[in-house]
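J.: This is the structure, below, for whatever I ask next.
The values are calculated or read from the model by the stated rules, or taken from the named source; none is laboratory data. All values reported here derive from a predicted model rather than from experimental measurement. FYI the Cβ positions are ideal-geometry reconstructions off the backbone, even for glycines, and counts take in every protein chain you see. Accessible surface areas use protein heavy atoms only, side chains included; no ligands, DNA or RNA. Shrake-Rupley method; radii C 1.70, N 1.55, O 1.52, S 1.80 Å.
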Amino acid sequence: VVEEYSAIASHYRLKETIGSGGFAKVKRAVHLPTGETVAIKIMDKVALGADLPRVKTEIQAMKNLHHHHICRLYQVVETSRKIFMVLEYCSGGELFDYIVQKDRLSDSESRTFFRQIVSAVCYMHSLGYAHRDLKPENLLIDEDQNLKLIDFGLCAKPRGGMEDHLYTCCGSPAYAAPELIAGKSYIGSEADIWSMGVLLYALLNGFLPFDDDNIGSLYRKIKSGKYDVPDWLSKESVALLKQLLQVDPKYRITVEKLLSHSWMTAEMGVPVEWQSKYQNTVLDEDVITELSVHQKVSRETMRTELSKWKYDFLTAAYFLLLKKKTSGRAVRLQMTLSTMP
Ligand SMILES: CN(C)C[C@H]1CC[C@H](N2C(=O)NCc3cnc4ccc(-c5cc(Cl)c(O)c(Cl)c5)cc4c32)CC1
C-alpha cells in the first residue's frame, strides 16, 4: 500500500480511514513538518471516470474559497493514478450525527449553527458560487464547535454570474428545491436558500420536512411545499421556515434579508457576519520568517514563492504554520520541506 501513497508519504504520516464519500476515501494524517492533523481525500483517477471533472471543480472552487466556516484546502498532489486533496481536519465529525445523537437541537443551539451555515453560504454567493448540495452530512464540526462546509464537487459558478440559470439536476433529493426537481432552469443561490430551509428544519426537529421512501411521493411533497409544524417550534422560527421554504423562488427570502432576520438576530443582537475572517492577501511575517530560515532562502524569495499559491508542500506548510499561530502554538517546523526549488 505504501508505494501507492509514496507521493505524500514524505510529508504526511497516514492514519486510519475516517470516511468515504462516493468515489473518494478520506484518511486522517499528520503533517510531519508541523505535527498538525489533516484529512486527506484520496481518489483514484481511473475509478473516477466521468466524475473527474467534479473533482477539478471542487479543487478550483476550494482554491478560491477562504472562509472560517469552509473546510480549508491545504495542498493538492496529483500522480499518474491518484489525486490527493489535503484538507482541514474536523475532529467533531458530521453535523448529521450530532443532530441524531441529540434527537433535535434547541432554538438557540440551532441559531448558533445556522448563523455559521448562512455565513459560509452568503460568502460563497458573494463570490458567485452556489454549493448545490447543502445538507448536514456536508457540515463538519471542528474542535472549537465551529461548522465547516465541505464537498464542493457539485458547486457551480455560472459564467454569467449568480443570475445565470443552471440546468443540471443534482444534490440530494430531500434537500432539493422544487424548481430543481421540476427540471426547470433555476438560480443556484435560490436553490441553496431552499436547502438551508430544509437544513434549519432538520436542526430544529431532528427529522426532514419532506420525506418518503418512494421518490415520486417525495417529489410531490416537495412541490406541495407542505410540511408539519411541531408544537415545540418557536413562532419566529416557524416564520423563518415559511420564508425559506417558499415553493416559488420569487417569494423565497434572499440571503441578504436572511442575515438580519429577527430569528437570526434574537439573543445575538447583531446580523450574521458573512465576510471571511481569514486575511488572504497579506502573507503572515512570522510564518515567512520560519519558512525562509528553515529553507535557507531570503524572505523575498520565500514571499515570491508563497505568492504563487501552488497548493504544493509549501502552501500546506504556510497554512498549517498559520493555523498553529492562530491557535496559540509555536510557529515552528520540525524538518526541511525537501521540495523547495
Ligand atoms: C459526504 N460524506 C458522506 C463524506 C464524508 C467523508 C468523511 C468525512 N469525515 C468524517 O467522516 N469524519 C471525520 C472527518 C474529519 N475531517 C474531515 C475533513 C474533511 C473532509 C472532507 C472535505 C471535503 Cl472538501 C470533501 O469533499 C470530503 Cl468528501 C471530505 C472530511 C472529514 C471527516 C465526512 C464526510
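J.: How many Å³ per residue does the convex hull of the Cα positions in segment 188-341 occupy?
T.: On the way: hull volume 31.9 nm³, N = 154.
So the per-residue Cα hull volume is 207 Å³.
J.: Can you tell me the equivalent ellipsoid semi-axes for segment 1-143? Use √(5λ) from the Cα gyration tensor, largest first, whole Å. Intermediate results must be reported in sequence, preceding the final value.
T.: Values: eigenvalues 153, 67, 42 Å².
With the √(5λ) rule applied to segment 1-143, the semi-axes are 28, 18, 15 Å.
J.: Residues in segment 82-102, backbone N under 13 Å from the label point at S234 (7 Å along the Cα-to-beta-carbon vector): list them, ranges by number please.
T.: Within reach of a label on S234, which here means backbone N under 13 Å from a point 7 Å along Cα→Cβ, segment 82-102 contributes nothing.
J.: Let me see the pair-distance distribution of the chain: every alpha carbon pair, 20 Å bin width, integer percents in order.
T.: 29, 55, 16, 0
J.: Tell me the relative contact order for segment 7-115 as a rounded percent, counting alpha carbon contacts under 8 Å between residues six or more apart. Present the calculation step by step, with values, prior to reporting the outcome.
T.: On the way: 129 pairs, mean separation 21.9, N = 109.
Once normalised by length, the contact order is 20 percent.
J.: With respect to the cross-link table entries K15/K277; K235/K257; K15/K63; K41/K324, which display a Cα-Cα separation exceeding 20 Å? Present the calculation step by step, with values, prior to reporting the outcome.
T.: Details: K15/K277 30 Å; K235/K257 18 Å; K15/K63 25 Å; K41/K324 22 Å.
Cα-Cα > 20 Å for K15/K277; K15/K63; K41/K324; rest within.
J.: Could you sort the peptides 121-127, 101-107, 320-326 by per-residue average Cβ neighbour count (10 Å cutoff), highest mean leading?
T.: On the way: 121-127: 21.1, 101-107: 13.4, 320-326: 18.9.
Highest mean packing first, the order is 121-127, 320-326, 101-107.
J.: For segment 92-217, what is the relative contact order in percent, using Cα pairs closer than 8 Å and at least 6 residues apart in sequence?
T.: Working: 180 pairs, mean separation 37.5, N = 126.
Worked out over segment 92-217, it gives 30 percent.
J.: I would also like to ask the following. Which whole-number percent gives the relative contact order of segment 216-341, counting Cα pairs below 8 Å spaced six or more residues apart? All intermediate terms of the calculation are to be shown ahead of the outcome.
T.: Details: 74 pairs, mean separation 19.1, N = 126.
With pairs under 8 Å counted, the relative contact order is 15 percent.
J.: Which of the peptides 83-89, 187-193 is most tightly packed, and how do the rest follow, going by the mean number of other Cβ atoms within 10 Å of each residue?
T.: On the way: 83-89: 21.9, 187-193: 24.4.
Descending packing order for the listed peptides: 187-193, 83-89.
J.: Probe radius 1.4 Å, ligands and nucleic acids ignored: give me the carbon and sulfur share of the accessible area of the chain as a rounded percent.
T.: Carbon and sulfur atoms account for 53 percent of the accessible area of the chain.
J.: Whole number in Å², please: accessible area per residue of the chain, 1.4 Å probe, ligands, DNA and RNA not counted. Walk me through the numbers before you get to the answer.
T.: Details: 15570 Å² over 341 residues.
With the other protein chains kept in place, the chain gives 46 Å² per residue.
J.: Can you give the charge dipole size of segment 1-109 about its Cα centre, rounded to the nearest 20 debye, using +1 on the beta carbon of Lys and Arg and -1 on the beta carbon of Asp and Glu? Walk me through the intermediate numbers first.
T.: Working: 15 positive and 14 negative charges, 72 e Å.
Dipole about the Cα centre, nearest 20: 340 debye.
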